[in-house]
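The values are calculated or read from the model by the stated rules, or taken from the named source; none is laboratory data. What you see is a predicted model, and the numbers here were worked out from it, not measured in a lab. Surface accessibility is based on the protein's heavy atoms, side chains included, excluding ligands, DNA and RNA. Shrake-Rupley method; radii C 1.70, N 1.55, O 1.52, S 1.80 Å.
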Amino acid sequence: MIALLFDIVGMAGTFLVVGAFFLLQLNKASPTGLLYNTMNLSGAILLLISLCYNFNLASFVIEIFWIAASLIGLYKYFKNKPALSIN
């Protein structure tokens, strides 16, 4: 039963990462946008969680890099977002 739970978490992560890529290819998301980077970050975290049960070093390493790239994208998104002016 626990293996099934980790598989579900991993599949959700896969759908998020692949879904983000599809949205990008369909021009429904921007590579510098919040949606794309949030989907990639969430997906990579879920895949990393699933790797806690069935560890694979190569997959673990790529997910760490995917998380880092997503965090950089989110940092740049929020850094470049214009501040709301309160008058």
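Brief remarks on what is shown
- Extended-chain gain in nm, criterion 0.36 nm per residue less alpha-carbon gap, LEU71 and LEU35: 11.7 nm
- Accessible surface, per residue, of the stretch 14-53 when the full set of protein chains is kept, probe 1.4 Å, Å²: 58 Å²
- Rolling a 1.4 Å probe over the protein heavy atoms of the stretch 1-81, with every protein chain left in place, gives an accessible area that is 75 percent carbon and sulfur.
- Convex hull volume of the Cα atoms of the chain, normalised per residue: 107 Å³.
- Compared with the direct C-alpha span, the chain from PHE21 to VAL61 gains 12.4 nm at full extension, assuming 0.36 nm per residue.
- Length-normalised contact order for the chain - Cα pairs under 8 Å, 6+ apart - percent: 32 percent
- Using distinct alpha-carbon pairs, which all enter the 1/r mean, Kirkwood radius of the stretch 38-87 in Å: 12.2 Å
- Only helices enter this figure: runs of n ≥ 4 DSSP H residues, each worth -39500 (n - 2.57), summed and divided by the residues of the chain, yield -26000 deg cm²/dmol at 222 nm to the nearest 500.
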